[in-house]
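Working notes, structure below.
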Amino acid sequence: MDGTLLPEVRSTCAYCGVGCGVLLRSDGVGGLAVRGDPDHPANYGRLCSKGMALGETVGLEHRLLTPQVLGQDSNWNDALQLVADRFSDSIDKHGPDSVAFYVSGQLLTEDYYVANKLMKGFIGSANIDTNSRLCMASTVAGHKRAFGTDTVPGTYEDLDQADLVVLVGSNLAWCHPVLYQRVLAARQSRGTRIVVIDPRRTASCDQADLHLALKPGSDVALFNQLMTRIHEGGHVSPEFLARTVGIQDALAAAQQDSTAVTGLTAHEIEAFCELWIKTDRVVTIFSQGVNQSSSGTDKVNAILNCHLATGRIGREGMGPFSVTGQPNAMGGREVGGLANMLTCHLDIENADHRDAVQQFWNAPALPESPGLKAVDLFRAVDNGQIKALWIIHTNPAVTMPNANKVAKAIAACPFTVVSDLTEKTDTARLADVLLPAAGWAEKSGTVTNSDRTISRQRAVLPPPGQARPDWDILAEVGRRMGWTSAFDYRSPAEIFREFAALSSVASRFKKDFDIAGLADITDAAYAELEPIKWPVRKHRNGGRFFSDGRFFHPDGKARFVPVRHRPPATKTDPKYPFCLNTGRIRDQWHTMTRSGLSPRLSAHLAEPFLDIHPEDAKRLDLSPADLVEVESSVGRSIFRARMTDTVAPGQVFAPIHWTGETAPSARVNALVPSVTDPVSGQPESKTVAVSVRRMKAAWYGFAISTAPISPPVDYWATARTQKGYRTELAGYTPVNDWEETARGWFGLPDAAVIAAADPARGAYRLALAERNRLKAALFIAPEPAALMRDYVSTQLETAPEQVLTGRAPPTLEDPGPVICSCFGVGLNTIVRAIEAKRAVSVDEIGAVLQAGSNCGSCRPELAALLTDHSAYGGRTVQRELQCDTM
Ligand SMILES: Nc1nc2c(c(=O)[nH]1)N[C@H]1C(S)=C(S)[C@@H](COP(=O)(O)OP(=O)(O)OC[C@H]3O[C@@H](n4cnc5c(=O)[nH]c(N)nc54)[C@H](O)[C@@H]3O)O[C@H]1N2
Ligand SMILES: Nc1nc2c(c(=O)[nH]1)N[C@H]1C(S)=C(S)[C@@H](COP(=O)(O)OP(=O)(O)OC[C@H]3O[C@@H](n4cnc5c(=O)[nH]c(N)nc54)[C@H](O)[C@@H]3O)O[C@H]1N2
Ligand code: SF4
Ligand SMILES: [Mo]
């Protein structure tokens with residue numbers, strides 16, 4: 001490099017459905033600088049902690065660089081011919097429904113389009129489903145029931161213009177942080193009220209005027225009550241009534257529900273209904289607390305019913321708003337990636353729709369009925385019906401319910417292909433053929449965010465090794481299966497043009513999705529494409545849907561859907577007295593294959609945990625930092641207990657992110673049974689009946705190491721640090737020789753070992769050094785090891801002696817676990833500033849320590865620390881422990 005800076009390239013964040021614009025600058029040697037795009041309409045320059053850390057996740061050490069067949073390096077020619085032959089063979093012998101694709105809402109629209117065209121148009125089966133089944137399926141089904149098509153009516157501007165934002169089953173502060181900032185900005189400027197409906201007190205409750213901690217799964221009853229009050233108070237919009245069908249039935253159903261099942265007080269319900277009814281500009285945002293339920297579709301319609309009844313839809317500052325999770329969840333819905341959809345929001349069961357698509361594709365046959373939805377798809381893999389399976393850009397061995405069973409089924413499938421960035425995933429390890437995909441910063445295409453804005457993703461780094469973009473891999477398999485011209489694509493622009501042209505054909509059926517205005521886009525225009533909201537028609541662009549009062553049912557009217565409360569499907573069983581809720585943490589993305597590479601992001605919450613109410617903890621005789629065994633009807637897991645009243649008694653919460661790679665015994669979906677919503681097929685992932693008890697470990701440990709470890713012990717959980725890895729450990733059976741064991745785990749047979757031991761107590765401290773540089777350290781104790789973990793983690797590669805004390809020298813302050821990942825500000829530092837009264841507000845913490853003054857993702861946590869730093873999330877309990885001596 002001659003020192004001149006490469007230009008900044010406009011692209012889109014790799015993570016959530018907010019779809020923030022990013023400006024990327026490659027340093028020419030693999031590094032990537034990232035900042036928010038000030039001109040992107042989703043974020044106007046803002047990024048959250050995950051977006052800010054994107055540059056830390058593009059390293060190559062974990063990447064898969066060549067195709068592999070049965071664990072051996074291969075080449076594209078052999079690997080793709082094998083894939084084409086095995087799929088063709090299965091289709092010839094057992095028919096098209098003997099094969100399946102399982103894909104992802106993180107694929108680019110162009111990748112997704114090709115996958116869907118190959119399976120539905122040419123293989124002739126609808127057995128393509130996507131992880132969106134675990135995510136958006138209930139919303140899609142609810143939208144279709146009410147509107148006649150899968151439309152998100154509103155736009156992000158509605159959040160700026162709302163007077164009330166209701167978050168139902170959405171932890172917006174952590175999962176859509178930039179949108180949350182947008183809501184807070186509206187609160188600042190116009191006093192927008194915030195209501196959170198969530199059984200848990202989350203970071204999103206920080207600024208809420210009202211938090212309704214309803215009983216898990218009781219949302220339908222709550223919104224039915226709202227519906228009843230809307231009617232009784234005479235707030236039904238007569239004008240809107242004429243544009244809808246079925247209010248009487250919906251009301252009759254609503255009136256039969258009792259609010260008792262919500263567990264909320266009459267006062268809380270009154271306050272909510274009154275606020276909702278009296279505020280015209282209401283946006284009801286909903287997410288996985290709604291979708292991931294056996295009554296998910298009904299929950300969606302219970303919400304839509306209230307917006308339809310009051311006519312609060314299609315107008316400025318109001319409407320129901322399903323926020324999408326993955327960066328291209330919306331795009332996947334557009335191309336028809338779900339097994340029960342056709343492309344362009346057309347219906348697979350509709351012969352006219354099928355004919356139009358078949359003609360356009362010049363396709364041999366289109367399936368006439370929906371294919372297998374995710375849970376059924378993996379059941380069909382399990383029972384041998386699916387003989388060839390291709391998994392692309394998703395990690396079902398971790399994220400599907402009953403994950404152990406799913407992993408077994410994948411392993412037993414006669415032929416499994418996995419396309420991923422890395423071979424180090426639970427799913428990739430089960431593949432017969434492993435295909436190296438180009439990653440986010442290495443490939444080009446488009447994604448559509450939660451408010452229908454299509455943004456370009458642009459390649460700024462060269463794909464490493466032989467990695468290729470997903471569309472390219474899929475198209476070549478299509479050609480090798482014999483469909484040469486249908487998959488003769490040379491660029492994403494070409495695919496996008498075809499898709500836009502197809503949407504023009506589809507527009508004759510008068511559905512919502514239409515990007516016909518882009519059907520003639522040139523390569524140059526595609527290269528320069530600015531963010532653009534669909535529909536992009538000749539005569540109507542972007543904006544809100546339904547402002548004309550027309551819906552997409554044949555009669556142009558919306559439907560009220562009568563819905564009744566149904567309790568979660570999990571059976572009550574005295575063996576499993578707790579209700580396990582699952583979800584996300586602020587700084588990790590799903591199975592952590594990318595976010596987990598960032599030391600900054602990994603410092604926020606470094607270990608899988610189970611939040612449990614202090615009363616329950618007391619009853620179970622738990623001590624701070626104990627490990628707990630959690631058991632359900634389908635599996636068993638182990639987590640660190642965090643005592644916190646953010647969860648109600650009887651409820652527990654665990655995050656979804658840990659895997660066989662990072663904490664094999666803390667995989668949450670090992671516990672989740674495969675119960676689904678009868679309409680959408682979406683799994684119920686948030687209400688699992690479990691038992692909890694203390695893990696009776698013989699020993700507990702903490703390790704740091706320069707290299708990753710995966711020790712054969714009953715519990716371990718590892719996380720990146722700036723200098724290597726930190727790992728928590730525990731085991732049921734005593735270990736005889738810790739020095740020998742440590743050498744084995746760390747792969748340091750010749751290291752010099754400095755030890756401090758108290759064998760009578762079962763306490764050991766070992767430092768392993770090479771050339772007087774610390775390479776690893778292990779701390780073992782009969783109870784959860786009390787150490788200054790964050791300080792200890794900084795000691796790798798320094799002289800080995802200091803680490804054995806397990807604590808910082810008195811002259812050095814231990815910052816504690818990271819709260820602000822932008823500036824690396826730790827919990828202890830913040831608490832000290834609060835205790836010393838140097839900071840009495842979130843802004844002052846920012847002024848004194850910088851924390852919270854950049855992306856803002858940690859501001860809710862700062863606020864919570866200010867309110868009561870001793871009670872927040874149990875974290876200070878760990879902090880105290882960290883200061884104890886062993
Ligand atoms: N940091 C981070 N952000 C992400 C992701 C990530 O992995 N990490 N993933 C992205 C994806 S794909 C998605 S889908 C979104 C998900 O975004 P969210 O849906 O906001 O996230 P979750 O944590 O899954 O669940 C939201 C809330 O639902 C609540 N809940 C559980 N049961 C019920 C119930 O019966 N009723 C109600 N009203 N609430 C309930 C939970 O307590 C939880 O707080 O996040 C996206 N953004
Ligand atoms: N219990 C419980 N389970 C859940 C949820 C829950 O709340 N609770 N949430 C569900 C939801 S909403 C979702 S969206 C799912 C998410 O679940 P998954 O989609 O299974 O999880 P990810 O970790 O996002 O998996 C993406 C995979 O794609 C790989 N990858 C990254 N970039 C590329 C690329 O460009 N090409 C290819 N081919 N591969 C790439 C990554 O390395 C990773 O292995 O989990 C679901 N499971
Ligand atoms: S909110 Fe964060 S994760 Fe989501 S798109 Fe924006 S920067 Fe990325
Ligand atoms: Mo999702």
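The values are calculated or read from the model by the stated rules, or taken from the named source; none is laboratory data. Quantities reported herein were computed from a predicted structural model and do not represent experimental measurements. Note that we place each Cβ from the backbone using ideal geometry, even for glycine, and neighbour counts take in every protein chain shown. SASA here: full protein model, heavy atoms, side chains in, ligands and nucleic acids out. Shrake-Rupley method; radii C 1.70, N 1.55, O 1.52, S 1.80 Å.
General remarks:
- Answer from R281, R312 - the residue that is more than 16 Å from ligand 1 (Cβ to nearest atom), of a type in the set (K, R), touching a strand residue (DSSP E or B) at 6+ places or on another chain (Cβ under 8 Å) and more than 20 Å from A146 (Cβ to Cβ): R281
- Taking the listed residues A833, A799, A839, the one that is out of contact with any Asp or Glu (no Cβ under 8 Å at 6 or more places or on another chain) and crowded, with 20+ Cβ neighbours inside 10 Å is A839, with no other qualifying.
- E661, sole failed condition from (1) within 12 Å of ligand 2 (Cβ to nearest atom); (2) in contact with a His (Cβ under 8 Å, 6 or more places away or on another chain): (2)
- The single condition from (1) open to solvent by 40 Å² or more (accessible area, probe 1.4 Å); (2) of a type outside the set (D, E); (3) out of contact with any His (no Cβ under 8 Å at 6 or more places or on another chain); (4) in a loop (DSSP other than H, G, I, E, B) that P216 fails is (1).
- Residue check, R187 within 13 Å of ligand 1 (Cβ to nearest atom) and not aliphatic (A, V, I, L, M): no
- Test: A185 is more than 16 Å from ligand 2 (Cβ to nearest atom), more than 21 Å from P562 (Cα to Cα) and assigned to a loop (DSSP other than H, G, I, E, B): no
- Failed item, numbered, when D432 is tested on (1) within 16 Å of ligand 1 (Cβ to nearest atom); (2) open to solvent by 10 Å² or more (accessible area, probe 1.4 Å); (3) touching a strand residue (DSSP E or B) at 6+ places or on another chain (Cβ under 6 Å): (1)
- Condition check for E740 on (1) at pLDDT 95 or above; (2) surrounded by 22 or more Cβ atoms within 10 Å (Cβ to Cβ); (3) among the charged types (D, E, K, R): one failure, at (2).
- Residues located in region 593-612, provided they are within 16 Å of ligand 4 (Cβ to nearest atom) and either buried (at least 24 other Cβ atoms within 10 Å of the Cβ) or of a type in the set (K, R) (or both): R594, S595
- Residues in region 575-592 that are open to solvent by 20 Å² or more (accessible area, probe 1.4 Å) and among the charged types (D, E, K, R): K575, R584.
Table: residues versus (1) in contact (Cβ under 8 Å) with a residue 24 or more places away in the chain; (2) under 30 Å from A185 (Cα atoms); (3) away from ligand 2 (no atom under 16 Å from the Cβ).
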residue	(1), (2), (3)
L5	no, no, yes
M52	yes, yes, yes
A79	yes, no, no
Y112	yes, no, no
N116	yes, no, no
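- The lone exception for M341 - which of (1) open to solvent by 10 Å² or more (accessible area, probe 1.4 Å); (2) modelled with pLDDT under 95; (3) not aromatic (F, W, Y) it fails: (1)
- Residue in region 635-657 that is within 16 Å of ligand 4 (Cβ to nearest atom), of a type in the set (D, E, K, R) and either modelled with pLDDT under 95 or surrounded by 22 or more Cβ atoms within 10 Å (Cβ to Cβ) (or both) present: no
- Condition met for L172 (away from ligand 2 (no atom under 16 Å from the Cβ) and either more than 21 Å from G19 (Cα to Cα) or modelled with pLDDT of 95 or more (or both)): no
- Count of residues meeting criterion [assigned to a loop (DSSP other than H, G, I, E, B) and more than 16 Å from ligand 1 (Cβ to nearest atom)] in region 1-20: 8
- Among residues of region 495-526, those that are under 21 Å from A459 (Cα atoms) and open to solvent by 50 Å² or more (accessible area, probe 1.4 Å), counted: 4
- When D111, D92, D78 are checked against the criterion of being closer than 19 Å to A329 by Cα, of a type in the set (D, E, K, R) and more than 16 Å from ligand 3 (Cβ to nearest atom), D111 stands alone in meeting it.
- Restricting region 10-33 to residues that are open to solvent by 30 Å² or more (accessible area, probe 1.4 Å) and at pLDDT 95 or above leaves a set whose member that is farthest from ligand 3 (Cβ to nearest atom) is R25.
- Boolean, F552 is open to solvent by 20 Å² or more (accessible area, probe 1.4 Å), within 32 Å of the chain's Cα centre (by Cα) and closer than 20 Å to A146 by Cα: yes
- Going through (1) closer than 28 Å to S74 by Cα; (2) more than 16 Å from ligand 4 (Cβ to nearest atom) one by one, N383 falls short only on (1).
- Matching residues in region 527-548 - criterion: being charged (D, E, K, R) and not in a loop (DSSP other than H, G, I, E, B): E528, K533
- The single condition from (1) buried (at least 22 other Cβ atoms within 10 Å of the Cβ); (2) closer than 27 Å to H553 by Cα that T262 fails is (2).
- Wholly enclosed helices (runs of 4 or more DSSP H) of region 286-403 bearing at least 2 residues among the charged types (D, E, K, R): 296-309, 329-335, 351-361, 374-382
- Criterion applied to S369, S287 was being under 29 Å from the mean Cα position of the chain (by Cα) and either among the small types (G, A, S) or open to solvent by 20 Å² or more (accessible area, probe 1.4 Å) (or both), and the one residue passing it is S287.
Conditions (1) within 16 Å of ligand 3 (Cβ to nearest atom); (2) open to solvent by less than 10 Å² (accessible area, probe 1.4 Å); (3) more than 28 Å from F499 (Cα to Cα), marked per residue:
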{"position": "S294", "(1), (2), (3)": "no, yes, yes"}
{"position": "N301", "(1), (2), (3)": "no, yes, yes"}
{"position": "H307", "(1), (2), (3)": "no, yes, yes"}
{"position": "G311", "(1), (2), (3)": "no, yes, yes"}
{"position": "G314", "(1), (2), (3)": "no, yes, no"}
{"position": "V323", "(1), (2), (3)": "yes, yes, no"}
{"position": "N328", "(1), (2), (3)": "yes, yes, no"}
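- Just one of the numbered conditions (1) open to solvent by less than 30 Å² (accessible area, probe 1.4 Å); (2) under 20 Å from S444 (Cβ atoms); (3) away from ligand 2 (no atom under 16 Å from the Cβ) is not true of L47: (2).
- In this structure, G660 does not qualify as touching a Lys or Arg at 6+ places or on another chain (Cβ under 8 Å) and under 30 Å from R145 (Cβ atoms).
- Elements of type strands (runs of 3 or more DSSP E) contained in region 549-643, each with 3 or more residues being within 16 Å of ligand 2 (Cβ to nearest atom): 578-583, 609-612, 636-643
- Test: residue in region 730-745 that is under 17 Å from G806 (Cβ atoms) and among the hydroxyl-bearing types (S, T, Y): no
Rundown of residues vs (1) over 30 Å from I285 (Cα atoms); (2) more than 16 Å from ligand 4 (Cβ to nearest atom), yes/no style:
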{"position": "R379", "(1), (2)": "yes, yes"}
{"position": "T399", "(1), (2)": "no, no"}
{"position": "V406", "(1), (2)": "yes, yes"}
{"position": "A412", "(1), (2)": "yes, yes"}
{"position": "R452", "(1), (2)": "no, yes"}
{"position": "S455", "(1), (2)": "no, yes"}
